[in-house]
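*Asks:* Here it is, the structure, as structure tokens.
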Amino acid sequence: MTELVLLGTAGAPLPVAGRRGISSALVVGERVFVIDCGRGSPSAFADAGLRFSRLEAVFLTHLHADHIGDLPGMLLYGWGVREGDDGPLPPIRVYGPPGPDALPAGDAAFHRETTIHPERPAPGTADLVDSLLAAYAYHLNVMPLDARMPDPGGLVRAIEIPVPAGTDGHPPAPVTVVDDDAVRVTAITVTHGHAIPALAYRFDTADGSVVFSGDTTANHSVIALAQGADILIHQVADLGYLERHGVTGEALRRMAGLHTDVSEVGSVAERAGVRELILSHYLPADLDAISEADWAGRARQGFTGTTTAGRDGLRRTLQRITRPLP
Ligand SMILES: [Zn+2]
């Protein structure tokens, strides 16, 4: 059995009441995979009844704080239970994008003042995990003196995904990230402003297929990756709402280069031919800004499948349909 759980559905870093930051889990048999680790995701993971001893891998779509802010907790809170009858469990694998070769430059309208950590200003997934271990070295080195802990050297392994960029308007080929008897994970680059590369992921199991768009503009990469999938979890923004609330001019144009407007997502789902579109990573994330019915009603324009407004804790079970032999 494969089960999807939305752990958090808020977009953007600023915490909002009543909705957790972006994170999802996919449970394949006894194995648990987490896609993005937004605000509150370790608590949501426990609330969903998932077990940290079963956490096999984390997949990061990109390295903005709203997607990785609670990665430290996802790795460290469950450290004590990362031991089975036969000794320590395998490391939690953290898959994600590599850092860019060079720090992107700004322009007259949008640029940074200070470059933080200039000797490594755009760390990728491996540097991120390495820096987290460095930041928490006190806990990792001292805790084992007072409590029986698994070897911290085996807690986590970072794996950067070597994704090719698309060319000439053609989507790049998806990269296979995981492929074993039970699950195949593929990734593709999507478009999310200066966050390069940003990734979408597709999970295929014997029970069905689930695609996570990550943060992206309405994108031919997502359409290519999600062809025929059972479920597409896609981010949504209401750019009109943002405009009415002060995001105008160049700021609004930048926002449109980061996110998919709710009016466009139905067409993405239709062209991908998915069975169900589930909305997540809401922008605005405030529960009282836009109702679920409103989000879903506008998102389903142009889509002939099922549209669902995702919410924290939403679950979907995918089950292989065993048809009787003719
Ligand atoms: Zn985001």
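The values are calculated or read from the model by the stated rules, or taken from the named source; none is laboratory data. Since the structure is predicted, the reported quantities are computational estimates derived from the model, not experimental observations. Glycine also receives a Cβ, built like all others from the backbone with ideal geometry; neighbour counts cover every protein chain displayed. Quick note on the areas: whole protein, heavy atoms, side chains included, nothing else; ligands and nucleic acids left out. Shrake-Rupley method; radii C 1.70, N 1.55, O 1.52, S 1.80 Å.
*Asks:* Being away from the ligand (no atom under 16 Å from the Cβ), of a type outside the set (A, V, I, L, M, F, W, C) and under 14 Å from residue 18 (Cα atoms) is the requirement here; does residue 292 meet it?
*Replies:* Yes, satisfied.
*Asks:* Still on this structure, please answer the following. Do the conditions hold for residue 84, that is, is it over 13 Å from the mean Cα position of the chain (by Cα), open to solvent by 10 Å² or more (accessible area, probe 1.4 Å) and either closer than 19 Å to residue 258 by Cβ or within 16 Å of the ligand (Cβ to nearest atom) (or both)?
*Replies:* Working: over 13 Å from the mean Cα position of the chain (by Cα): yes; open to solvent by 10 Å² or more (accessible area, probe 1.4 Å): yes; either closer than 19 Å to residue 258 by Cβ or within 16 Å of the ligand (Cβ to nearest atom) (or both): no.
No: the conditions fail for residue 84.
*Asks:* For segment 280-288, does any single residue satisfy the condition of being away from the ligand (no atom under 16 Å from the Cβ) and open to solvent by 10 Å² or more (accessible area, probe 1.4 Å)?
*Replies:* Checking segment 280-288: at least one residue is away from the ligand (no atom under 16 Å from the Cβ) and open to solvent by 10 Å² or more (accessible area, probe 1.4 Å).
*Asks:* Condition (residue is modelled with pLDDT under 95, within 18 Å of the chain's Cα centre (by Cα) and within 16 Å of the ligand (Cβ to nearest atom)) applied to segment 154-174: is it met by at least one residue?
*Replies:* no
*Asks:* Considering only residues that are within 22 Å of residue 93 (Cβ to Cβ) and assigned to a strand (DSSP E or B), look in segment 169-181 and name the one that is least open to solvent (accessible area, probe 1.4 Å).
*Replies:* 178
*Asks:* State all residues of segment 38-60 that are open to solvent by less than 10 Å² (accessible area, probe 1.4 Å) and assigned to a strand (DSSP E or B); if no residue qualifies, say none.
*Replies:* Hits for segment 38-60 are 55, 57, 58, 59.
*Asks:* Do the conditions hold for residue 191, that is, is it within 16 Å of the ligand (Cβ to nearest atom), touching a helix residue (DSSP H, G or I) at 6+ places or on another chain (Cβ under 9 Å) and open to solvent by 40 Å² or more (accessible area, probe 1.4 Å)? Break it down into steps so the answer makes sense when it comes.
*Replies:* Values: within 16 Å of the ligand (Cβ to nearest atom): yes; touching a helix residue (DSSP H, G or I) at 6+ places or on another chain (Cβ under 9 Å): yes; open to solvent by 40 Å² or more (accessible area, probe 1.4 Å): yes.
Yes.
*Asks:* Mind checking which residues of segment 15-32 are within 16 Å of the ligand (Cβ to nearest atom), in contact (Cβ under 8 Å) with a residue 60 or more places away in the chain and assigned to a loop (DSSP other than H, G, I, E, B)? Spell out how you get there, then give the answer.
*Replies:* Of segment 15-32, the ones within 16 Å of the ligand (Cβ to nearest atom) are 15-16, 19-24.
Now restrict to residues that are in contact (Cβ under 8 Å) with a residue 60 or more places away in the chain: 16, 19-20, 22, 24.
Correct list: 20, 22.
*Asks:* Something else about it: Of the residues 265, 274, which is crowded, with 17+ Cβ neighbours inside 10 Å, under 21 Å from residue 309 (Cβ atoms) and within 16 Å of the ligand (Cβ to nearest atom)?
*Replies:* None of the other options fit; the residue is 265.
*Asks:* For the condition within 16 Å of the ligand (Cβ to nearest atom) and either open to solvent by less than 40 Å² (accessible area, probe 1.4 Å) or acidic (Asp, Glu) (or both), what is the one hit in 92, 35?
*Replies:* Values: 92 fails: within 16 Å of the ligand (Cβ to nearest atom).
Going through 92, 35 in turn, the sole match is 35.
*Asks:* Next question, about the same structure. Restricting to segment 1-14, name every residue that is of a type outside the set (A, V, I, L, M, F, W, C), within 13 Å of the ligand (Cβ to nearest atom) and open to solvent by 10 Å² or more (accessible area, probe 1.4 Å). So that I can check it myself, show each step before the final result.
*Replies:* Filtering segment 1-14 down to residues of a type outside the set (A, V, I, L, M, F, W, C) leaves 2-3, 8-9, 11, 13.
Subsequent filtering for residues that are within 13 Å of the ligand (Cβ to nearest atom) retains 8-9, 11, 13.
Of everything in segment 1-14, just one residue is of a type outside the set (A, V, I, L, M, F, W, C), within 13 Å of the ligand (Cβ to nearest atom) and open to solvent by 10 Å² or more (accessible area, probe 1.4 Å), namely 13.
*Asks:* Let me ask something else. Select from segment 38-47 the residues that are away from the ligand (no atom under 14 Å from the Cβ) and free of Cβ contacts under 8 Å to residues at least 60 places away in the same chain and write down the one among them that is nearest to residue 73 (Cα to Cα).
*Replies:* 42
*Asks:* Just checking: which of the helices (runs of 4 or more DSSP H) contained wholly in segment 209-281 hold 3 or more residues that are over 22 Å from residue 110 (Cα atoms) and not hydroxyl-bearing (Ser, Thr, Tyr)? If you could, list the steps in order and put the result at the bottom.
*Replies:* On the way: elements: 220-225, 239-244, 249-256, 262-272.
So the answer is 220-225, 262-272.
*Asks:* Next up: Answer with yes or no whether residue 67 is within 16 Å of the ligand (Cβ to nearest atom) and touching a Cys at 6+ places or on another chain (Cβ under 9 Å).
*Replies:* Yes: the conditions hold for residue 67.
*Asks:* Could you tell me which numbered condition residue 302 fails, if it satisfies all but one of (1) open to solvent by less than 30 Å² (accessible area, probe 1.4 Å); (2) of a type outside the set (A, V, I, L, M); (3) in a loop (DSSP other than H, G, I, E, B)?
*Replies:* With respect to (1) open to solvent by less than 30 Å² (accessible area, probe 1.4 Å); (2) of a type outside the set (A, V, I, L, M); (3) in a loop (DSSP other than H, G, I, E, B), residue 302 is out only on (1).
*Asks:* Out of curiosity, is residue 123 open to solvent by 50 Å² or more (accessible area, probe 1.4 Å) and in a loop (DSSP other than H, G, I, E, B)?
*Replies:* Criteria met by residue 123.
*Asks:* Let me confirm something: among 157, 202, 184, which residue is within 19 Å of residue 22 (Cα to Cα), open to solvent by 20 Å² or more (accessible area, probe 1.4 Å), basic (Lys, Arg) and not in a loop (DSSP other than H, G, I, E, B)?
*Replies:* After applying the criteria, what remains is 202.
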